[in-house]
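What follows is one structure encoded as structure tokens, with my remarks underneath.
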Amino acid sequence: MATFEDIKGFVFDLDGVITDTAAFHTQAWHQVADKVGVEWDDQLGDALKGISRMDSLNLILERGNKENAFTEDEKVSLATEKNENYLTLVNQMTPANILPGISEFLVALQDQGYQMSLASASKNSPLVLKNLGLSRFFTKAVDPTTLKHGKPDPEIFRRGAELLALDPSQCIGVEDAAAGVAAINAAGETSIGIGNPETLASADINFTKTTLLTLDNIKSAMDR
């Protein structure tokens, strides 16, 4: 693992790190599952975290043995419907939806001269950041439509480092999903996992909640 002094930039996931739109995604996918007649449970909801829209839809259809029941056009239509459901919810977001401690952490990073980029698979991340009032921190964001591979492939986090003109070894990636942590590790960045230490066992550093995400805590963890 790099030393704290090596670090020049932070590459952030959005969902579960900066804000929690997971509940909105869950609600929107639940509506789609109901529509196609697939039984919903928490396990299915968890399986959809951190993966792309079409991969999520295919997982839902596989769960109900309906992967061959729809044409590609119909699948695109279902995924679009999910996104419209989701956007209705996202449009009601405000800075009150920023996770605890994150605003303070972003200000601290900016004050200390660290660079920041966003590595979110969500095409809606610009809208989410705007509604949260955080766009100014993320003038550099990976465009998910240009990616060939989803997490756990390292492509998105490598791109996040490239946007900052930094080597991956100079970056910390922040994630809340196991697939995301795997992507950070494969990119050669230091990984911080936010959430359950068992689920995120492969993270270099683990914080159980966003309020623990501070430069002092990161330095302590890296200098151990």
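The values are calculated or read from the model by the stated rules, or taken from the named source; none is laboratory data. Here the structure is a predicted model, which means the values were calculated and not measured. Note that we place each Cβ from the backbone using ideal geometry, even for glycine, and neighbour counts take in every protein chain shown.
Out of all the residues in region 172-212, which are in a helix (DSSP H, G or I) and either closer than 21 Å to S122 by Cα or within 11 Å of the chain's Cα centre (by Cα) (or both)? Scanning region 172-212 gives A178, A179, G180, V181, A182, A183, I184, N185, A186, A187, T210. Suppose we keep only residues that are assigned to a helix (DSSP H, G or I) and in contact with a strand residue (DSSP E or B) (Cβ under 9 Å, 6 or more places away or on another chain) within region 95-104. Which one would you say is modelled with the highest pLDDT? Top of the filtered list is I102. Restricting attention to region 28-49, the residues being among the small types (G, A, S) and within 13 Å of E62 (Cβ to Cβ) number 2. Counting the residues of region 120-147 that are closer than 17 Å to G173 by Cα, over 12 Å from the mean Cα position of the chain (by Cα) and in contact (Cβ under 8 Å) with a residue 60 or more places away in the chain gives 1.
Those residues that are in contact (Cβ under 8 Å) with a residue 24 or more places away in the chain and among the hydrophobic types (A, V, I, L, M, F, W, C), I need them from region 36-54; list them, please.
V36, V38, I51, M54
With respect to G173, determine if the residue is touching a helix residue (DSSP H, G or I) at 6+ places or on another chain (Cβ under 8 Å) and farther than 23 Å from I102 by Cα.
No.
Restricting the search to region 183-199, which residues are in contact (Cβ under 8 Å) with a residue 24 or more places away in the chain and buried (at least 21 other Cβ atoms within 10 Å of the Cβ)? Selection gives A183, I184, A187, E189, T190, I192, I194. Among the candidates K123, K148, K130, the residue that is over 26 Å from Q92 (Cβ atoms) and either surrounded by fewer than 17 Cβ atoms within 10 Å (Cβ to Cβ) or not assigned by TED's automatic domain parsing to the domain that holds A182 (or both) is uniquely K148. Do we find that T26 is in contact with a helix residue (DSSP H, G or I) (Cβ under 8 Å, 6 or more places away or on another chain) and crowded, with 18+ Cβ neighbours inside 10 Å in this structure? Spelling it out, T26 is indeed in contact with a helix residue (DSSP H, G or I) (Cβ under 8 Å, 6 or more places away or on another chain) and crowded, with 18+ Cβ neighbours inside 10 Å. Please enumerate the residues belonging to region 107-119 that are acidic (D, E) and touching a residue at least 12 places away in the same chain (Cβ under 8 Å). Answer for region 107-119, where residues must be acidic (D, E) and touching a residue at least 12 places away in the same chain (Cβ under 8 Å): there is none.
Considering region 180-221, and only residues there that are out of contact with any strand residue (DSSP E or B) (no Cβ under 9 Å at 6 or more places or on another chain) and among the acidic types (D, E), the residue that is nearest to P152 (Cα to Cα) turns out to be E198. Taken over region 95-117, the residue count meeting the criterion of being surrounded by fewer than 15 Cβ atoms within 10 Å (Cβ to Cβ) and either touching an Asp or Glu at 6+ places or on another chain (Cβ under 7 Å) or β-branched (V, I, T) (or both) is 1.
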